[in-house]
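The structure appears right after this line, and notes come after that.
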Amino acid sequence: MSQTSSPEPANTDLTRLAAAELAELVHSRQVSAVEVTQAHLDRIAEVDPAVHAFLHTDAENALATARQVDQDLAAGQAPASPLAGVPVAVKDVLTTEGTPTTCGSRMLEGWLPPYDSTVVRRLRAAGLVILGKTNMDEFAMGSSTENSAFGPTRNPWDLDRIPGGSGGGSSAALAAFEAPLAIGTDTGGSIRQPGAVTGTVGVKPTYGGVSRYGLVAFSSSLDQAGPCARTVLDAALLHEVIGGHDPLDSTSIDQPVPPVVAAVREGATGDLRGVRVGVVTQLSGEGYQPGVLRSFHAAVDTLRELGAEVVEVSCPSFQYALSAYYLIAPSECSSNLARFDAMRYGLRVGDDGNRSAEEVMSLTREAGFGPEVKRRIMLGTYALSSGYYDAYYGSAQKVRTLIKRDFDAAFENVDVLVSPTTPTTAFRLGERVNDPMAMYLADLCTIPANLAGNAALSVPSGLSDEDGLPVGLQVMAPVMQDHRMYRVAAAYEVARNAAEGGPQIQRVPQADWSAHNRAQSEVAV
Amino acid sequence: MPNISRDEVAHLARLARLAVTDEELDLFAGQLDAILEAVAAVGDVATDDIPPTSHAVPLTNVFRADEVRPGLGQQQALAGAPFPEEGRFRVPRILGEEA
């Protein structure tokens, strides 16, 4: 952690600070929450035309929340949470009462949800300042944010490259210093893969660890909301705000939030003696970018130097995880997205007074969904249809059992498992849009944890030597043992920062983004 | 097993209530075929003795107390409706000539 000394507020760019640092300044009343919020709103106005991390910003409500935090502190009240007064960006798949929630889809353009998701409700109760809603692949289906109906987000490290997906907006907002914290959702890697390719921290908590109430469902048995941040400590602080049992989500685990902040403090001592780390044999090798593998091997060496005991672990079923995922997720999606029927909310097309409900429904869904969503709905419809069910959906569920068994066996011998988060660094915009299978491969390493439900995170592990782009180290932990991976990630982060003379994210190229935006506005994306 | 025909894709689109275009049928037929061919690998290891897992966290019968709680009012419930009418959802006809 870098917050050993208080920064000088007078000559510090507030958008460059970590959430924990901002909270300290606000709570000690050296800087107001309004100043912090305004600094981020100004930064968004400056760079978001080029980055396009946000689909919607809400300056008025953000400043009102910040003013309330300042007033409460001035009145001598204790902060509502360790992050009170700190801005946060929320992926546009979580409902926000009275604020647009589109899921990156024309189907929900202009929809104002009548209720807050539990995650958003907890953010508000904790005094966090919601800046706006971030861009995403439509209904969270994609690995590049190019499937957003409202145009792609760009990677702040290289504006011609993808920021990952589906939560590319949340991670890009962090890397572009538009927000110190963000919320993502991870069905097959949509928090971790964007985290890896933007050089930020992304955490998928244990399935059931964070409420799904108000999270627009894509694949209900896999979807999991979680924290995105620029430091491991910030992610842990946000995790404790949003985590915990929720009676409104019947799959929510009725147990206390794992002690993730305490684990980060323990890890920050840089001592991993007694921790057993397993390197997953099946998640490296052929098909992986050489620079990604070199970064990964260096990260494993660092863990060993910190005292961890490193062994290789074989999880043979992991090689079938991608296949199982692309049957299970589309199957659940074909069922979940049946709710978009043009009747009660959202888009309605072709209702001319003559057409039947079924015709209007079909025309609306054709107009409202993009190609990837249609592909997955049809794929799921196929996998669930009689005659194919056993061969596809049924077999995929059996593979899910095998993957769980592999995790269970591995965690008998090790405390955490590690792998690269992604097989490659950020690819170029447009490079994979016409090849769905190539796009799906971006989630190769992240999917097993979704299928088994255990916790996993991505922490920056340097830049790939061949292209200078960020690489992520994935750390996976057993169900409800989220604190284990936080401890390892925090220790690793401290070691890297010490070796490199500061956090890698501060070295994001500061190109003339407004100039880039002018050039790009000529090009249809 | 794959080799999904254009007619099959048209059938799937009907089942999924998607009024896809002819161009989309051509595009999706090829892509769905490629995807299904790749994911069919699950059949290689899914033997009869393995039980299926439908959910990562096996929970059964999660109940909450049956208590009255505030819900959405009529106005809120209709706020997002495409064509509300007289405090109701107006929908296209569901019965028709189509036998």
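The values are calculated or read from the model by the stated rules, or taken from the named source; none is laboratory data. Since this is a predicted model, take the numbers as computed values, not measurements. Positions of Cβ are backbone-derived with ideal geometry, glycine not excepted, and every protein chain shown enters the neighbour counts. Each accessible area value is taken on the protein alone, full model and side chains, heavy atoms only, with ligands, DNA and RNA left out. Shrake-Rupley method; radii C 1.70, N 1.55, O 1.52, S 1.80 Å.
Cβ-Cβ distance of residue A:71 and residue A:266, R₀ of 60 Å, FRET efficiency by 1/(1 + (r/R0)^6): the value works out to about 0.95. Counting only alpha carbon atoms, the long axis of helix B:6-15 and the longest principal axis of chain B meet at about 20°.
Under 26 Å from the Cα of residue A:91, which lysines turn up, not counting those fewer than eight places away in the same chain? Qualifying lysines at Cα under 26 Å: A:133, A:204, A:374. Stokes-Einstein D for the range B:1-51 at 25 °C, 0.890 mPa s, Kirkwood Rh over Cα pairs, in µm²/s? Translational D for this selection: 200 µm²/s. Roughly what % of Cα-Cα distances in chain A sit above 37 Å, to the whole percent? When all Cα pairs of chain A are counted, 23 percent exceed 37 Å. For the range A:1-155, the Cα-based Rg and Dmax, in that order, read 16.3, 48 Å.
Geometric descriptor of the range A:108-264, per residue, is 105 Å³ (volume of the convex hull of the Cα atoms).
Partner shielding of B:30-36 amounts to 5, given as the average count of beta-carbon atoms from other chains within 10 Å of each residue beta-carbon. What is the helix-to-structure angle for B:22-39, meaning the angle in degrees between its Cα long axis and the longest Cα principal axis of chain B, kept from 0 to 90 and rounded to the nearest 10? With both axes taken from Cα atoms, the answer is about 60 degrees. Taking 0.36 nm per residue of separation and subtracting the Cα-Cα distance, full extension of the segment from residue A:273 to residue A:255 would add 3.7 nm. Approximating the spin labels as points 7 Å out from Cα along Cα→Cβ, the residue A:339-to-residue A:506 distance works out to 4.4 nm.
Of the residues in the range B:61-88, those shielded by at least 10 Å² of accessible area once partner protein chains are present, compared with the chain alone at a 1.4 Å probe, are B:62, B:64, B:69, B:72, B:76, B:80, B:82, B:83. Only helices enter this figure: runs of n ≥ 4 DSSP H residues, each worth -39500 (n - 2.57), summed and divided by the residues of chain A, yield -12000 deg cm²/dmol at 222 nm to the nearest 500. A Förster distance of 25 Å, applied to the separation of the beta-carbon atoms of residue A:125 and residue A:28, puts the FRET efficiency at 0.70. Rounded to the nearest 20, the Cβ-based charge dipole of the protein assembly as shown about its Cα centre (Lys and Arg +1, Asp and Glu -1) stands at 900 debye. Reported value for the range A:127-202: 81 Å³ per residue, from the convex hull of its C-alpha atoms. Here is the P(r) of the range A:188-264: all C-alpha pair distances, binned every 10 Å from 0, give 20, 49, 28, 2 in whole percents.
Placing a label point 7 Å from the Cα of residue B:50 along the Cα-to-Cβ line, the residues of the range A:426-460 whose backbone N sits under 19 Å from it are A:444-454. Taking a sphere under 12 Å around the Cβ of residue A:499 and counting the other residues whose Cβ falls inside, with K and R at +1 and D and E at -1, yields a net charge of -3. Site pair residue A:301 and residue B:21 shows an inter-label distance of 5.4 nm when each label is modelled 7 Å from Cα along Cα→Cβ.
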